[in-house]
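Here is the structure we will look at.
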Amino acid sequence: MSLYGSLYSGVTALNSFSSGLSVIGNNIANANTTGYKSDRAEYSDNFSQMLSASNTNVNISQLGTGVNVAAVTSNWSQGDISDTGIETDLYISGDGFFHLLDPVTNSDYATRAGSFILDNQGYLTSASGLRVQGVDTLGANGTDIQIPTTVNGLGVLKYAFDETGTLSLYLEDDSVVTAGQISLYEFTNPYGLVNMGSGVYGGVHSSLVGTVTEDVPGAQGLGTIIPEALELSNVDLTKQFSDMIITQRAFQGGSRVITTTDELMEEAINLKR
């Protein structure tokens with residue numbers, strides 16, 4: 001095999017570990033992002049060149065041709081909880097994703113980031129305007145969670161969610177009415193979700209995510225809701241910085257392979273003067 005083989009292996013190392021450093025940098029940048037799930041670059045060796053086939057007495061002889069990034073996978077472990085005291089902030093304790101709906105395209109999305117707000121119509125939405133979905137008082141899925149200002153002519157003084165995601169409205173006559181319940185998604189393969197940014201995931205109906213379950217919090221193994229709290233990023237900065245050092249050294253090793261190969265090629269060229 002010529003020196004070009006080692007040169008190519010060095011180049012694949014630089015390309016792959018550059019991508020790995022990008023993944024680590026993105027994790028560090030999102031260390032304070034609500035509901036963010038850290039990513040990990042997984043490396044794989046390239047195909048091996050056959051040097052000699054096996055026979056009765058000699059094993060197969062192969063030579064590798066470098067490295068590549070086989071996949072970038074998300075870490076779906078639970079992030080720490082942060083109490084906020086804000087009624088529209090919701091934390092999922094356990095498995096599950098909030099179900100969001102784009103009111104313009106009717107597209108479904110999922111998120112772990114429960115930093116919701118109320119729009120000018122009282123709908124509970126994400127910062128980008130996606131509406132939180134739930135079940136109505138009759139148990140029908142696909143209902144926008146909305147907090148009205150009045151119920152049967154009575155003003156709504158305050159509202160609150162409980163651990164099952166049930167929305168309670170406290171009226172001015174001291175009565176309490178139920179106005180729906182948040183629903184959660186669960187996927188057998190969340191690695192098939194598509195990160196759309198802003199903590200939102202698409203592809204919820206894709207075959208890649210496996211079986212999709214939608215139910216209320218606490219049912220069918222789904223987590224429960226902790227109101228007035230948020231899920232923090234699950235980025236472990238200590239691990240990210242240690243991974244960065246390891247990746248940096250691997251990158252330096254790949255660059256050294258290239259410079260060493262270049263020196264050897266120069267020596268070979270200088271044989272003829």
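The values are calculated or read from the model by the stated rules, or taken from the named source; none is laboratory data. Being a predicted model, the structure only gives us computed values, none of them experimental. Neighbour counts run over all protein chains shown; Cβ positions are idealised from the backbone, glycine included.
To keep it simple, each residue is scored yes or no on (1) of a type in the set (Val, Ile, Thr); (2) over 24 Å from Gly218 (Cβ atoms); (3) assigned by TED's automatic domain parsing to the domain that holds Ser206; (4) out of contact with any Phe, Trp or Tyr (no Cβ under 7 Å at 6 or more places or on another chain).
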residue: Val69; (1), (2), (3), (4): yes, yes, no, no
residue: Gly85; (1), (2), (3), (4): no, no, yes, yes
residue: Thr88; (1), (2), (3), (4): yes, no, yes, no
residue: Ser93; (1), (2), (3), (4): no, no, yes, yes
residue: Leu100; (1), (2), (3), (4): no, no, yes, no
residue: Asn106; (1), (2), (3), (4): no, yes, yes, yes
residue: Leu118; (1), (2), (3), (4): no, yes, yes, yes
residue: Ala127; (1), (2), (3), (4): no, yes, yes, yes
residue: Val135; (1), (2), (3), (4): yes, no, yes, yes
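Within the stretch 131-161, the set of residues being out of contact with any strand residue (DSSP E or B) (no Cβ under 7 Å at 6 or more places or on another chain) and aliphatic (A, V, I, L, M) comprises Leu138, Ala140.
Scanning the stretch 232-252 for residues that are small (Gly, Ala, Ser) and surrounded by 14 or more Cβ atoms within 10 Å (Cβ to Cβ) gives Ser233, Ala250.
Restricting to the stretch 178-222, name every residue that is among the hydrophobic types (A, V, I, L, M, F, W, C) and surrounded by 22 or more Cβ atoms within 10 Å (Cβ to Cβ). Within the stretch 178-222, Ile182, Leu184, Phe187, Leu193, Val200, Leu222 qualify. On the stretch given as the stretch 199-242, residues that are part of a helix (DSSP H, G or I) and among the aliphatic types (A, V, I, L, M) total 3.
When only residues in the stretch 1-44 that are part of a strand (DSSP E or B) and of a type outside the set (D, E, K, R) count, which is surrounded by the fewest Cβ atoms within 10 Å (Cβ to Cβ)? Ranking the qualifying residues of the stretch 1-44, first place goes to Ser44. If you filter the stretch 189-210 down to residues that are free of Cβ contacts under 8 Å to residues at least 24 places away in the same chain and not hydrophobic (A, V, I, L, M, F, W, C), you find that the one that is farthest from Thr34 (Cα to Cα) is Ser207.
Okay, residues lined up against (1) modelled with pLDDT of 95 or more; (2) farther than 18 Å from Thr224 by Cβ; (3) in contact with a Leu (Cβ under 9 Å, 6 or more places away or on another chain):
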| position | (1), (2), (3) |
| --- | --- |
| Thr150 | no, yes, yes |
| Gly153 | no, yes, no |
| Tyr159 | yes, yes, yes |
| Asp162 | yes, no, no |
| Thr166 | yes, no, no |
| Gly180 | no, no, yes |
| Leu184 | yes, no, yes |
| Asn189 | yes, yes, yes |
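Against the definition (modelled with pLDDT under 95 and within 25 Å of Val23 (Cβ to Cβ)), how does Ser38 come out, yes or no? So Ser38 does not fit the description; no. When the residues of the stretch 234-273 are filtered to those that are at pLDDT below 90, among the hydrophobic types (A, V, I, L, M, F, W, C) and over 16 Å from Gly5 (Cβ atoms), the one that is nearest to the chain's Cα centre (by Cα) is Ile269. For the stretch 148-155, the count of residues that are assigned to a strand (DSSP E or B), in contact (Cβ under 8 Å) with a residue 24 or more places away in the chain and surrounded by 17 or more Cβ atoms within 10 Å (Cβ to Cβ) is zero.
Within the stretch 89-126, the set of residues being under 22 Å from Asn234 (Cβ atoms) and either among the β-branched types (Val, Ile, Thr) or at pLDDT below 95 (or both) comprises Ile92, Thr111.
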